[in-house]
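> Structure incoming, see below.
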Amino acid sequence: MKNIPLITALLFLLLAACESTTEPTVTVKTDARDYVLAGGVGTELVFLLSRTDVDTNGIKTVVPSDTMFLTIVARDSAHPVGGLSVVVQEKFVRAGASTPYGGDTSFYSSTSNEIRYYKNYLDNDARTLLKNPLNAGAEWTDTSVKSGTMKKFTIQSVGETISTTFGQFTGIRTLTQGSAMINSVLYSEKTTYYYAPEVLLARREEIVENTYPSTKKDTRTTITDLIRYTKK
């Protein structure tokens with residue numbers, strides 16, 4: 001029993017040490033320029049595009065996944081409209097195939113205020129991917145014709161934990177959504193983008209829903225997930 005004071009003292013020191021331990025601070029990047037694609041020529045990002053359809057009877061169909069390859073082929077290359085850009089070769093391969101079925105050489109242009117995407121060298125209709133200020137609740141309108149309509153984007157979260165097959169990131173979550181009545185069918189679309197430093201887009205979730213006059217619905221969910229990142 002003589003050791004009780006010693007044991008008590010040791011327990012006190014242990015508890016004090018636990019209380020003084022703090023979680024590591026995660027630095028959240030809040031400038032659009034922090035999200036520009038990193039790495040030199042040859043840097044590659046690989047994404048898996050998985051799609052699930054649910055018909056009006058609730059029957060689910062999982063579509064074989066396509067793979068998207070993005071490879072940096074130049075940095076600080078001039079685009080006629082966007083100025084200095086990161087140039088990326090896009091390549092898409094269907095599940096079970098080895099020959100690409102599509103792709104282009106796209107340009108990612110950044111300014112002190114935003115990051116813009118040009119589909120190719122001759123494209124002058126930029127899509128705005130991110131725009132300062134990167135604060136939760138901030139909004140901007142994408143005026144690109146490629147978007148179909150003037151889409152409003154809202155930053156849902158800053159410091160978002162983003163989980164991908166490749167790994168975990170801390171970044172920005174944005175949302176765009178809209179609806180339209182087309183031939184008595186209510187079409188609605190909701191797309192969530194997850195942006196992270198270095199890789200820019202880490203994950204994308206798109207849900208498209210059609211509601212018919214009978215009130216029955218069908219949906220299409222497409223997930224774009226980063227599965228590999230090789231930085232050069």
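> Using label points projected 7 Å from each Cα along Cα→Cβ, tell me how many nm separate residue 94 and residue 114, to one decimal.
3.6 nm
> Report the Cα centroid-to-centroid distance between region 163-216 and region 52-114 in angstrom, as an integer.
16 Å
> What per residue convex hull volume, in Å³, comes out for region 152-232 when only alpha-carbon positions are used?
Convex hull of Cα atoms, per residue: 107 Å³.
> May I pose another question? How big is Rg to Rh over the chain, alpha-carbon atoms, Rh as the Kirkwood inverse-mean-distance radius?
Working: Rg = 23.0 Å, Rh = 20.4 Å.
Rg divided by Rh gives 1.13.
> Report the full-extension gain for the segment residue 62 to residue 182: residue separation times 0.36 nm, less the Cα-Cα distance, to one decimal in nm.
Full extension of this stretch gives 40.6 nm more.
> A further question follows. Hey, can you rank 161-168, 130-137 by average C-beta count inside 10 Å, highest first?
130-137, 161-168
> If I model a spin label as a point 7 Å beyond the Cα along the Cα-Cβ vector, how far apart are those points for residue 165 and residue 217 in nm?
2.8 nm
> Continuing with this model, one more query. Helix 4-20 sits at what angle to the longest principal axis of the chain, using alpha carbons and giving 0 to 90 degrees rounded to 10?
Once rounded, the angle reads 30 degrees.
> Greater than 25 Å separation of Cα atoms is the criterion. Which listed pairs, 29/232; 119/231; 152/216; 91/232, meet it?
The pairs that break the limit, which is 25 Å between Cα atoms, are 152/216.
> When only C-alpha pairs under 8 Å and at least 6 residues apart count, what is the relative contact order of the chain, in percent?
20 percent
> Separate question: How large is ³J(HN,Hα) for each residue in region 118-127, as worked out from phi by the Karplus curve 6.51 cos²θ - 1.76 cosθ + 1.60 (θ = phi - 60°), to whole Hz, x for Gly and Pro?
Values, residue by residue: 10, 4, 7, 5, 8, 6, 10, 10, 6, 9 Hz.
> What is the spin-label model distance, in nm, from residue 154 to residue 105 if the labels are put 7 Å beyond Cα along the C-beta direction?
Placing both labels 7 Å along Cα→Cβ, they lie 4.0 nm apart.
> By a straight-distance test (C-alpha under 20 Å), which aspartates and glutamates pair with residue 190 as possible cross-link partners, with residues fewer than eight away in the same chain excluded?
53, 55, 139, 142, 160, 205, 206, 209, 218, 225
Each value in this text was obtained by applying a stated rule to the coordinates, not by laboratory testing. These figures come from a predicted structure and were not determined experimentally. We place every Cβ from the backbone using ideal geometry, glycine too, and count neighbours over all the protein chains shown.
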